[in-house]
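Participant: Dropping the structure in here first, questions after.
The values are calculated or read from the model by the stated rules, or taken from the named source; none is laboratory data. This structure is a prediction, so every number in the text was calculated from the model and none was measured. Every residue, glycine among them, receives a Cβ derived from its backbone with ideal geometry; neighbour counts consider all protein chains shown.
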């Protein structure tokens, strides 16, 4: 029986490409806790973090035969995690938006009030879309996702002062 815990990540990836489940289990055990901790620092709940990391490993196994690493596995898996976190947050935002739309539809608005609200919402969304990319992302994480300035700073790997500056710029731009 092989002792996979002595193998390098690169060797384990070679074995995973050859459908070696024990090598995959070793990679999973090496990275699960660190990736889950990292994801938990960027996502609103530990359950979301576990789901994102689990899906990352499922995808890794599904694409194992085509897996080609230009950098270390650690760099690859960390970058893949960041992408999956952003994709998860975008999906969550879409679901939340659909839920809010559903709630709004259930409310008893007059047609005139509804049109006025929709016009304001459309104007606001247009102005938000015109913000510089980083400024818009910070604003959306704050207002749509409910992240604190500290959480945004950690998530985007920028300082809280930079987050404050982006939020201030966004608020100034959106003033009517």
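Participant: Confirm whether residue 160 is at pLDDT 85 or above and under 18 Å from the mean Cα position of the chain (by Cα).
Facilitator: Values: at pLDDT 85 or above: yes; under 18 Å from the mean Cα position of the chain (by Cα): no.
The answer is no for residue 160.
Participant: If you don't mind, there's one more thing I want to ask. Of all residues in segment 33-73, how many are in a helix (DSSP H, G or I) and surrounded by 13 or more Cβ atoms within 10 Å (Cβ to Cβ)?
Facilitator: 21
Participant: Another one. Applying the selection to segment 60-87, what residues are over 12 Å from the mean Cα position of the chain (by Cα) and either in contact (Cβ under 8 Å) with a residue 12 or more places away in the chain or not assigned by TED's automatic domain parsing to the domain that holds residue 28 (or both)?
Facilitator: Passing the criteria: 60, 61, 64, 65, 67, 69, 72, 73, 74, 77, 78.
Participant: May I pose another question? For residue 83, state whether it is out of contact with any helix residue (DSSP H, G or I) (no Cβ under 8 Å at 6 or more places or on another chain) and not in a helix (DSSP H, G or I).
Facilitator: no
Participant: On the given criteria, is residue 128 in contact with a helix residue (DSSP H, G or I) (Cβ under 9 Å, 6 or more places away or on another chain), at pLDDT below 85 and not in a helix (DSSP H, G or I)?
Facilitator: No, not satisfied.
Participant: Which of the residues that make up segment 1-32 are under 29 Å from residue 150 (Cβ atoms) and buried (at least 18 other Cβ atoms within 10 Å of the Cβ)? I'd like the intermediate steps shown before the answer.
Facilitator: So the first thing to find is which residues in segment 1-32 are under 29 Å from residue 150 (Cβ atoms), and the list is 31-32.
Matches in segment 1-32: 31 only.
Participant: Go through segment 138-148 and give me each residue that's surrounded by 18 or more Cβ atoms within 10 Å (Cβ to Cβ) and either in a helix (DSSP H, G or I) or modelled with pLDDT of 90 or more (or both).
Facilitator: 138, 139, 140, 141, 142
Participant: Which one of these is outside the structural domain of residue 45 (by TED's automatic domain parsing), at pLDDT below 85 and part of a helix (DSSP H, G or I): 102, 173?
Facilitator: None of the other options fit; the residue is 173.
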